[in-house]
Amino acid sequence: MGYKLFLLLEKFLMILPSSWRKAFFSFLATFAYYVSKRYREASYQNLEFAFDGKLSEDEKKEITKYAFKNLMFNFLHALELRHMSKNELAEKIKIQNIEAVQKVHAQGRAVIYVTTHYSSWELGGASIGAFIEPLIAVYKKMKNQTYQNWLLEARGAFGNISMEKTNVVKPLVKNIKKGMACGLLIDTNISPKEGVIINFMGKTLRQTSTPAYLARKFNAAIIPVTIRTDDEENYTLLLFDEIPVEKTDDEAADIQKATQLQADWLTALISQEPKFWFWLHRRWKNDHPEIYKK
């Protein structure tokens, strides 16, 4: 019953002008900022830790409020993608440095897109599938299966295939061998048993080594990708040059080096425009749990 009501709300929202939908989700973001003490505090703690206490209270407040707004806009974009045509998506998106992918394709190699929760990640993933190539997007299982199915429908609107991260390596390998692309997030908190220790935002942290492992093993190319906007109407999909993965006699060192290069890319991205990153997530909770203690 609840889901049917939600779908009715979705239909109602899609009848409204786009500006009204944005205003509604902006209001929800402001409301969430004031009532969601846990996530508001997590953002402040992350910012304090990542920038070594150099940000003012006003700066942390501004970035945190935008993090709530950005989250709500990602939900809005997922909703709109369920009703959007490819032409309508094209009106919102321009692509920068597509030559990086074309170069890899010309070599007959598969692409591993490494990405992050930055700006409109929902529009970003959809745009790769719509205008570059369909990919396998790896996701973490959600607690609410009904919402998960709804979201995965939106993410599959332009050809992308979603796979849950549990036991995903074998199917990824199978498809990479066929030349199919995949998309992997590198900015989520992971188990101490996973990944390798790297330096991120000047702090030690564990990050997934899967992109480097797959690229090295199967001669695939790691292409960082993200998206940004100046006006929350028009977005630029940013493709970066390939991150090299060496193949020496020391596999562990090769993977470590390539994983660190991904962390360096993400550090530079966030340092340049910190407001777009998802500061509400407790990224350092396994490696630096002390920062979240009251």
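What to note about this one:
- Residues located in segment 93-150, provided they are among the charged types (D, E, K, R) and not in a helix (DSSP H, G or I): K94, R109, E133, K140, K141, K143
- Every residue from segment 32-43 that is more than 14 Å from K285 (Cα to Cα) and part of a helix (DSSP H, G or I): A32, Y33, Y34, V35, K37, R40
- Filter result for A67 (in contact with a Lys or Arg (Cβ under 8 Å, 6 or more places away or on another chain), touching a residue at least 60 places away in the same chain (Cβ under 8 Å) and within 25 Å of D231 (Cβ to Cβ)): yes
- Inspection of segment 111-134 finds no residue satisfying the criterion of being touching a residue at least 40 places away in the same chain (Cβ under 8 Å), more than 17 Å from the chain's Cα centre (by Cα), surrounded by fewer than 17 Cβ atoms within 10 Å (Cβ to Cβ) and over 19 Å from T236 (Cβ atoms).
- Selection count where residues are touching a residue at least 24 places away in the same chain (Cβ under 8 Å) and aliphatic (A, V, I, L, M), scope segment 4-22: 2
- When the strands (runs of 3 or more DSSP E) confined to segment 187-279 are screened for residues that are in contact with a Ser or Thr (Cβ under 7 Å, 6 or more places away or on another chain), those reaching at least 2 such residues are found at 196-200, 221-229, 235-239.
- Residue, nearest to the chain's Cα centre (by Cα), within segment 211-232, restricted to residues that are of a type outside the set (A, V, I, L, M, F, W, C) and under 16 Å from L135 (Cα atoms): T226
- A181 vs. criteria within 22 Å of F240 (Cβ to Cβ) and crowded, with 16+ Cβ neighbours inside 10 Å: yes
- Looking only at residues in segment 101-146 that are over 25 Å from L7 (Cβ atoms) and touching a Lys or Arg at 6+ places or on another chain (Cβ under 6 Å), the one that is modelled with the lowest pLDDT is V138.
Yes/no per residue for (1) surrounded by fewer than 16 Cβ atoms within 10 Å (Cβ to Cβ); (2) among the aliphatic types (A, V, I, L, M); (3) modelled with pLDDT of 95 or more:
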position: E233; (1), (2), (3): yes, no, yes
position: A252; (1), (2), (3): yes, yes, yes
position: A258; (1), (2), (3): no, yes, yes
position: E273; (1), (2), (3): yes, no, yes
position: F278; (1), (2), (3): no, no, yes
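- Scan of segment 44-71 for residues that are among the polar types (S, T, N, Q) and either under 24 Å from E233 (Cα atoms) or in a helix (DSSP H, G or I) (or both), ordered by number: Q45, N46, T64, N70
The values are calculated or read from the model by the stated rules, or taken from the named source; none is laboratory data. Given the structure is predicted, the values throughout are model-derived calculations rather than measurements. Cβ sites come from the backbone with ideal geometry, for glycine too, and all protein chains shown count toward neighbours.
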